[in-house]
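What follows is one structure encoded as structure tokens, with my remarks underneath.
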Amino acid sequence: MGLQALFFYLFAFIAIASAFMVISARNPVHSVLFLILTFFNAAGLFLLTGAEFLAMILLVVYVGAVAVLFLFVVMMLDVDFAALRTKALEYAPVGALIGIILALELIFVIGGSTISPEIAKKAAVPIPALTERSNTQALGDVLYTHYVYFFQIAGLVLLVAMIGAIVLTLKHRTNVKRQNISAQVARTPETAVSIVKVKPGQGI
Amino acid sequence: MTAETLIASLQLSLPELVLAVGALILLMIGVFSGDKSVGTVTGLSVLLLIAVGALVVFKGVDGTAYAGAYRSDAFVRFMKLLALAGSIVALVLAIGHRRSEPDMRFEYPVLMVLATLGMMLMISANDIISLYLSLELQSLALYVVAAINRDSVKSTEAGLKYFVLGALSSGMLLYGMSLVYGFTGQTGFSEIAAALTAEHRSLGLVFGLVFVLAGIAFKISAVPFHMWTPDVYEGAPTPVTAFFSAAPKVAAMAILIHLVAVAFKPIVHDWQQILVFISIASMALGAFAAIGQTNIKRLMAYSSIGHMGYALVGIAAGNQEGISGVLLYLAIYSVMSLGAFACILAMRLKDGRAVEGTDDLAGLSKTNPVMALVLTLLMFSLAGIPPLAGFFAKYFVFMAAIKANLLTLAILGVLSSVVGCYYYLRIVKVMWFDDAKQEFSRPAGELKLIYGLSGLFVIGYLLIGGPLGAAAEAAARSFY
């Protein structure tokens with residue numbers, strides 16, 4: 001228990017500290033890097049509660065995809081973050097008020113909520129106890145068997161999203177030079193080099 | 001799920017499997033042969049949809065599959081055929097459009113096929129997860145086809161607006177579903193119904209119901225979730241608008257009927273008052289807001305809002321007559337709407353420019369009497385004047401409402417259809433009594449075929465409507 005508590009406080013402290021750094025760092029790239037640190041610590045907290053699948057998904061999806069996308073946006077778009085920050089400070093009191101209300105609501109809801117035993121009994125696919133089967137195994141048990149239909153439709157949705165992105169954005173430009181490897185390989189000294197006699201004292 | 005049940009499930013969902021695999025093959029053909037293959041891919045898509053329709057008719061078996069996530073019965077088959085027919089006609093309408101606007105790409109028919117697949121899965125959905133996923137499959141494809149003409153500002157705006165509002169409605173739908181799941185512990189429709197009783201329904205569940213109904217009302221463009229409709233109808237290319245006006249509405253109505261007649265059957269009083277409200281609001285807005293419209297596509301958008309209101313009257317009635325009335329209504333409305341859009345697509349000047357104003361129809365009776373006659377019949381039918389098909393559609397849903405003691409709803413419906421007559425008749429007046437300023441070019445063959453057939457349908461409904469009514473009645477019997 002002692003070790004678990006130690007890690008809980010470690011992860012929780014770093015998560016809160018780096019979340020604070022996300023909004024207070026001067027350099028937006030630093031903000032994104034602190035955001036990644038926050039995600040890592042949140043994943044650590046998930047691991048401590050036994051939700052290892054959620055922890056890994058958090059890393060893969062948020063760190064691997066979303067945070068990298070943020071980094072790209074921050075680096076590629078020329079956003080004047082200094083100007084945004086001075087504005088943000090003006091709104092800080094309102095933001096703090098909303099944050100406090102949200103925190104109180106969360107405390108009330110989580111503190112006061114119970115899972116009704118009848119409904120827990122009726123659950124569509126009950127979760128096996130952690131001692132029997134880990135999260136990842138329990139999800140794997142149903143994802144490709146019981147829920148294979150949903151899995152396949154989700155695949156089709158992604159296909160449509162991909163077709164849509166290509167249809168709406170791909171433009172075949174005609175006036176750009178592209179590499180043509182076969183043409184490059186087929187070049188011979190005769191076609192590529194021409195010898196020009198230059199008279200002394202004159203340029204070409 | 002064992003191997004045997006999986007194979008049985010795959011067999012039951014054979015039409016969808018064929019459609020999904022066919023869509024992938026069409027995509028491959030398009031990708032490998034480039035934009036010159038648009039004609040081939042469109043033709044093959046039509047053939048594929050016809051083949052799937054034949055499978056639905058001849059290989060249709062009742063039952064559930066994939067651990068209860070998919071269901072097939074007479075109702076499902078009726079709606080699937082309706083959605084397939086709407087998609088086929090919309091694809092045929094696009095053939096001629098491609099000839100005059102060479103900007104169409106091969107992805108267009110492929111996306112239409114994928115949207116149709118989404119609709120078929122929606123109609124078959126028997127679980128809130130499959131409902132949501134199939135709805136997203138359909139909507140995502142529709143957002144893209146609305147913006148397919150990406151060089152036109154209007155089309156891009158239509159696609160973006162549709163996407164943003166659609167994403168919002170999906171969020172509401174998901175939130176409602178999560179509440180329903182949280183308060184029943186179930187995702188299957190019949191399991192949800194089993195977990196509910198009329199007396200002991202919790203407040204959280206009613207909230208869930210409201211959010212789910214709001215999300216679906218957006219998809220069928222019922223008031224107060226109709227804001228996107230006129231802009232999207234006006235901005236999207238006309239064959240796309242024709243597509244939007246028929247098949248997706250059929251699919252969304254099918255899931256609404258499934259939800260209220262199966263999943264939420266025990267709490268009929270809770271959903272009935274919501275449906276009565278959105279039905280009255282849609283009928284009234286459809287009747288009044290269309291009066292000032294000068295663009296015929298916007299006018300058709302308000303007309304579709306009104307017609308969805310009339311169809312909701314049947315669902316709100318909540319009895320077998322109501323459901324069969326709605327099915328009949330959707331079938332007749334699809335025919336009328338596709339016919340009207342075939343006429344709108346034929347509004348093309350001699351120099352190839354397409355026009356959309358209602359004034360552009362002036363004097364059509366002199367320049368193209370056949371089209372003027374068909375459009376007049378369709379307008380009379382949309383207004384609900386006997387003995388045309390549109391009258392019978394309205395008659396059956398109002399009778400069902402009277403039988404369910406919703407007298408106020410029926411009276412308000414009749415009154416708003418009287419108001420609605422004004423703008424339909426105004427178009428007839430413009431065509432027959434105003435002087436012609438310009439002449440349209442000769443309509444393409446497939447447009448003539450489609451508006452001719454729909455004109456014959458609305459005028460001959462008294463003779464040919466029997467089997468359709470019988471099929472709708474048989475389909476509605478799957479719930480009672």
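Each reported figure results from applying straightforward, stated rules to the coordinates on display, with no laboratory input. These numbers come from a predicted model, not from an experiment. Note that we place each Cβ from the backbone using ideal geometry, even for glycine, and neighbour counts take in every protein chain shown.
Worth a mention:
- For the protein assembly as shown, diffusion coefficient by Stokes-Einstein and Kirkwood Rh (Cα), 10 °C, 1.306 mPa s, µm²/s: 56 µm²/s
- Net charge in the neighbourhood of A:GLN184 (other residues with Cβ under 13 Å of its Cβ; Lys, Arg +1, Asp, Glu -1) is +3.
- Unit charges at the beta carbon, dipole of the range B:51-102: most positive-side option, B:GLY68, B:ILE95, B:GLY53: B:ILE95
- Sequence-ordered 3J(HN,Hα) estimates for the range B:332-337 from the Karplus curve with 6.51, -1.76 and 1.60 and θ = phi - 60° stand at 5, 4, 4, 4, 5, 5 Hz, glycine and proline given as x.
- Between the range A:10-29 and the range B:76-145, the Cα center-to-center distance that results, in Å: 47 Å
- Theoretical ellipticity at 222 nm over chain B - DSSP helices of four or more residues, -39500 (n - 2.57) apiece, nearest 500: -25500 deg cm²/dmol
- Look at where the Cα atoms of the range A:125-204 and of the range B:19-58 average out, and the two centres are 24 Å apart.
- Considering only alpha-carbon pairs that sit under 8 angstrom and 6 or more positions apart, the relative contact order computed for chain A is 14 percent.
- Charge dipole of the protein assembly as shown (Cα centre as origin; +1 on each Lys and Arg Cβ, -1 on each Asp and Glu Cβ, all else neutral): 1600 debye, rounded to the nearest 20.
- Backbone phi angles across the range A:134-142, fed through the Karplus curve with coefficients 6.51, -1.76 and 1.60 (θ = phi - 60°), yield HN-Hα couplings of 6, 3, 5, 5, 5, 5, x, 4, 9 Hz in residue order; Gly and Pro are listed as x.
- Coupling constants for the range B:280-295 follow from the phi torsions by the Karplus curve (6.51 cos²θ - 1.76 cosθ + 1.60, θ = phi - 60°), and in residue order they are 4, 4, 5, 4, 5, 5, x, 6, 8, 6, 6, 4, x, 7, 10, 8 Hz; glycine and proline get x.
- Per residue, the convex hull spanned by the alpha carbons of the range A:1-55 comes to 58 Å³.
- Residues B:TRP432, B:TRP271, sorted so that the one with the fewest Cβ neighbours within 10 Å comes first: B:TRP432, B:TRP271
- Among B:GLU191, A:GLU90, a tally of other beta-carbon atoms within 10 Å of each Cβ gives an order, fewest to most, of A:GLU90, B:GLU191.
- Between the range B:184-228 and the range B:414-480, the Cα center-to-center distance that results, in Å: 33 Å
- Cα shape, the range B:1-67, gyration tensor, a/c 1.5 rule: oblate
- Dividing the mean sequence gap of close Cα pairs (under 8 Å, 6+ apart) by how many residues chain B holds gives a relative contact order of 15 percent.
- Using the Cβ-Cβ distance between A:GLN152 and B:VAL61 with R0 set to 22 Å, the FRET efficiency works out to roughly 0.60.
- A Förster radius of 60 Å combined with the Cβ-Cβ distance from B:VAL419 to A:LEU6 puts the calculated FRET efficiency at roughly 0.25.
- Helix-only mean residue ellipticity at 222 nm for chain A, each DSSP H run of n ≥ 4 adding -39500 (n - 2.57), per residue, nearest 500: -20500 deg cm²/dmol
- Mean sequence separation of contacting Cα pairs (under 8 Å, at least six apart), scaled by the length of the range B:71-208, corresponds to a relative contact order of 19 percent.
- Shape of the range B:419-480, Cα gyration tensor, a/c cut at 1.5: prolate
- Taking a ≥ b ≥ c as the square roots of the eigenvalues of the Cα gyration tensor, an a/c ratio of 1.5 or more together with a/b no larger than b/c marks chain B as oblate.
- Selection from B:GLY34, A:GLN184, B:LEU407, by position along the positive dipole direction of the protein assembly as shown (Cβ): A:GLN184
- Amide H contacts under 5 Å for B:TYR70: B:ALA65, B:ASN126, restricted to partners 5 or more places along the chain or on a different chain, H placed in the peptide plane at 1.01 Å from N.
- Here the dipole of the range A:124-204 is about 940 debye; that uses its Cα centre as origin and unit charges on the Cβ of Lys and Arg (positive) and Asp and Glu (negative).
- Nearest-0.05 FRET efficiency for B:ILE29 and A:THR191, computed from C-beta distance (R0 45 Å): 0.75
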